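Each remark here refers to the structure printed beneath this line.
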Amino acid sequence: MSNLGVSYLLWAACFFGPFGLHRLYNGKIVTGLLWLCTFGLFGFGQLFDLLLLPNMVDEHNASFRGKLGVSPEGIPLYPIGGAIASTYPKQTPEQLGLKLLKAAYTKNGRLSVTQGVMATGATFAEVEEAFTAMLKTGYVSIENDSVTGVVLYHFHEL
(Lines give C-alpha, C1' and ligand atoms only; values in the text may rest on other atoms or scores of the structure.)
Protein backbone atom coordinates (compact mmCIF):
# COMPACT_ATOMS: atom_id res chain seq x y z
CA MET A 1 0.00 0.00 0.00
CA SER A 2 1.28 3.41 -0.93
CA ASN A 3 1.34 6.38 1.41
CA LEU A 4 0.63 9.88 0.10
CA GLY A 5 3.27 11.45 2.35
CA VAL A 6 5.96 9.07 1.12
CA SER A 7 4.89 9.76 -2.47
CA TYR A 8 5.31 13.52 -1.96
CA LEU A 9 8.69 12.91 -0.33
CA LEU A 10 9.83 10.84 -3.31
CA TRP A 11 8.48 13.51 -5.67
CA ALA A 12 10.60 16.08 -3.83
CA ALA A 13 13.66 13.85 -4.32
CA CYS A 14 13.86 15.36 -7.82
CA PHE A 15 15.53 18.38 -6.24
CA PHE A 16 18.46 16.11 -5.38
CA GLY A 17 18.72 14.34 -8.72
CA PRO A 18 16.46 11.31 -9.28
CA PHE A 19 13.18 12.04 -11.04
CA GLY A 20 10.20 9.67 -11.14
CA LEU A 21 10.79 7.79 -7.87
CA HIS A 22 7.23 8.59 -6.85
CA ARG A 23 5.98 6.88 -10.03
CA LEU A 24 8.05 3.76 -9.36
CA TYR A 25 6.76 3.70 -5.77
CA ASN A 26 3.15 3.82 -7.00
CA GLY A 27 3.58 0.97 -9.47
CA LYS A 28 3.97 3.02 -12.65
CA ILE A 29 7.22 1.36 -13.69
CA VAL A 30 7.37 2.31 -17.37
CA THR A 31 6.62 6.00 -16.84
CA GLY A 32 8.82 6.02 -13.75
CA LEU A 33 11.77 4.86 -15.83
CA LEU A 34 10.87 7.40 -18.51
CA TRP A 35 10.89 10.15 -15.88
CA LEU A 36 14.29 8.94 -14.64
CA CYS A 37 15.78 9.08 -18.16
CA THR A 38 14.22 12.39 -19.25
CA PHE A 39 14.54 14.37 -16.02
CA GLY A 40 10.81 14.12 -15.35
CA LEU A 41 9.88 14.89 -18.97
CA PHE A 42 12.16 17.92 -18.73
CA GLY A 43 10.51 19.03 -15.50
CA PHE A 44 7.02 19.44 -16.96
CA GLY A 45 5.91 15.91 -16.12
CA GLN A 46 7.35 16.21 -12.65
CA LEU A 47 5.39 19.41 -11.98
CA PHE A 48 2.22 17.96 -13.48
CA ASP A 49 2.58 14.92 -11.19
CA LEU A 50 2.39 17.20 -8.17
CA LEU A 51 -1.32 17.54 -8.95
CA LEU A 52 -1.78 13.88 -9.91
CA LEU A 53 -0.15 12.31 -6.85
CA PRO A 54 -3.28 11.87 -4.67
CA ASN A 55 -5.10 10.07 -7.50
CA MET A 56 -2.00 8.05 -8.34
CA VAL A 57 -1.75 6.82 -4.73
CA ASP A 58 -5.49 6.05 -4.56
CA GLU A 59 -5.33 4.12 -7.83
CA HIS A 60 -2.32 2.09 -6.68
CA ASN A 61 -3.92 1.30 -3.32
CA ALA A 62 -7.21 0.29 -4.96
CA SER A 63 -5.34 -2.05 -7.28
CA PHE A 64 -3.41 -3.51 -4.35
CA ARG A 65 -6.61 -4.02 -2.30
CA GLY A 66 -8.22 -5.67 -5.33
CA LYS A 67 -5.37 -8.16 -5.51
CA LEU A 68 -5.78 -8.88 -1.81
CA GLY A 69 -9.56 -9.16 -2.16
CA VAL A 70 -10.49 -6.52 0.42
CA SER A 71 -12.54 -3.32 0.27
CA PRO A 72 -11.14 0.11 1.28
CA GLU A 73 -12.42 -0.59 4.80
CA GLY A 74 -10.55 -3.91 4.92
CA ILE A 75 -13.65 -6.09 4.54
CA PRO A 76 -13.18 -9.21 2.40
CA LEU A 77 -14.82 -8.83 -1.01
CA TYR A 78 -15.35 -12.54 -1.45
CA PRO A 79 -17.61 -14.50 0.89
CA ILE A 80 -16.17 -17.50 2.67
CA GLY A 81 -17.95 -19.76 0.20
CA GLY A 82 -16.67 -17.75 -2.77
CA ALA A 83 -13.38 -17.57 -4.59
CA ILE A 84 -11.14 -17.59 -1.54
CA ALA A 85 -12.65 -20.59 0.22
CA SER A 86 -13.20 -22.66 -2.90
CA THR A 87 -10.16 -24.70 -1.87
CA TYR A 88 -12.05 -25.93 1.20
CA PRO A 89 -14.29 -28.94 0.70
CA LYS A 90 -18.01 -28.19 0.99
CA GLN A 91 -19.52 -29.31 4.29
CA THR A 92 -22.56 -31.52 4.33
CA PRO A 93 -25.51 -30.28 6.40
CA GLU A 94 -24.79 -33.04 8.90
CA GLN A 95 -21.15 -31.98 9.31
CA LEU A 96 -22.18 -28.35 9.69
CA GLY A 97 -24.85 -29.26 12.24
CA LEU A 98 -22.35 -31.26 14.27
CA LYS A 99 -19.83 -28.40 14.27
CA LEU A 100 -22.55 -25.97 15.36
CA LEU A 101 -23.60 -28.33 18.12
CA LYS A 102 -20.02 -28.60 19.39
CA ALA A 103 -19.62 -24.82 19.26
CA ALA A 104 -22.88 -24.34 21.17
CA TYR A 105 -21.69 -26.83 23.80
CA THR A 106 -18.66 -24.63 24.50
CA LYS A 107 -20.94 -21.55 24.78
CA ASN A 108 -23.37 -22.98 27.37
CA GLY A 109 -25.89 -24.03 24.74
CA ARG A 110 -26.31 -20.59 23.15
CA LEU A 111 -24.81 -19.59 19.83
CA SER A 112 -25.15 -16.61 17.50
CA VAL A 113 -24.88 -16.83 13.72
CA THR A 114 -21.54 -15.01 13.79
CA GLN A 115 -20.17 -17.43 16.38
CA GLY A 116 -21.42 -20.28 14.19
CA VAL A 117 -19.61 -18.87 11.15
CA MET A 118 -16.40 -18.51 13.14
CA ALA A 119 -16.64 -22.02 14.54
CA THR A 120 -17.46 -23.78 11.26
CA GLY A 121 -15.93 -21.71 8.46
CA ALA A 122 -19.28 -21.82 6.66
CA THR A 123 -20.95 -18.75 5.19
CA PHE A 124 -23.53 -16.72 7.07
CA ALA A 125 -26.22 -18.04 4.73
CA GLU A 126 -25.20 -21.67 5.34
CA VAL A 127 -25.20 -21.21 9.12
CA GLU A 128 -28.57 -19.43 9.07
CA GLU A 129 -29.99 -22.22 6.91
CA ALA A 130 -28.68 -24.83 9.34
CA PHE A 131 -30.15 -22.97 12.32
CA THR A 132 -33.51 -22.65 10.52
CA ALA A 133 -33.54 -26.42 9.93
CA MET A 134 -32.70 -27.01 13.60
CA LEU A 135 -35.51 -24.67 14.68
CA LYS A 136 -37.99 -26.82 12.75
CA THR A 137 -36.91 -29.94 14.66
CA GLY A 138 -37.67 -28.35 18.02
CA TYR A 139 -34.23 -28.99 19.49
CA VAL A 140 -33.33 -25.32 19.15
CA SER A 141 -35.19 -22.13 20.01
CA ILE A 142 -34.43 -18.52 19.23
CA GLU A 143 -33.96 -15.74 21.76
CA ASN A 144 -32.22 -12.40 22.19
CA ASP A 145 -29.32 -11.71 24.53
CA SER A 146 -30.67 -9.54 27.37
CA VAL A 147 -27.63 -7.23 27.33
CA THR A 148 -26.61 -6.92 23.66
CA GLY A 149 -29.83 -7.86 21.88
CA VAL A 150 -27.96 -10.32 19.65
CA VAL A 151 -30.07 -13.14 18.25
CA LEU A 152 -29.04 -16.39 19.93
CA TYR A 153 -30.00 -19.93 19.13
CA HIS A 154 -30.58 -21.90 22.34
CA PHE A 155 -29.86 -25.61 22.29
CA HIS A 156 -32.15 -26.92 25.07
CA GLU A 157 -30.32 -30.16 25.79
CA LEU A 158 -26.88 -28.57 26.33
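Below are the figures for this structure:
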read-out: Count - residues of the range 126-156 that are farther than 19 Å from residue 93 by Cβ, outside any strand (DSSP E or B) and of a type in the set (Asp, Glu); value: 1
read-out: Scope the range 120-158; condition of a type in the set (D, E, K, R) and surrounded by 15 or more Cβ atoms within 10 Å (Cβ to Cβ); matching residues; value: 126, 128
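Residue by residue, here is whether (1) touching a Gly at 6+ places or on another chain (Cβ under 7 Å); (2) at pLDDT below 85; (3) in a helix (DSSP H, G or I) holds:
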residue: 58; (1), (2), (3): no, no, yes
residue: 65; (1), (2), (3): no, yes, yes
residue: 72; (1), (2), (3): no, yes, no
residue: 89; (1), (2), (3): no, yes, no
residue: 95; (1), (2), (3): no, no, yes
residue: 98; (1), (2), (3): no, no, yes
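The values are calculated or read from the model by the stated rules, or taken from the named source; none is laboratory data. Note that this is a predicted model, so its numbers are computed, not measured. Backbone-built Cβ (ideal geometry, glycine too); neighbour counts: all protein chains shown.
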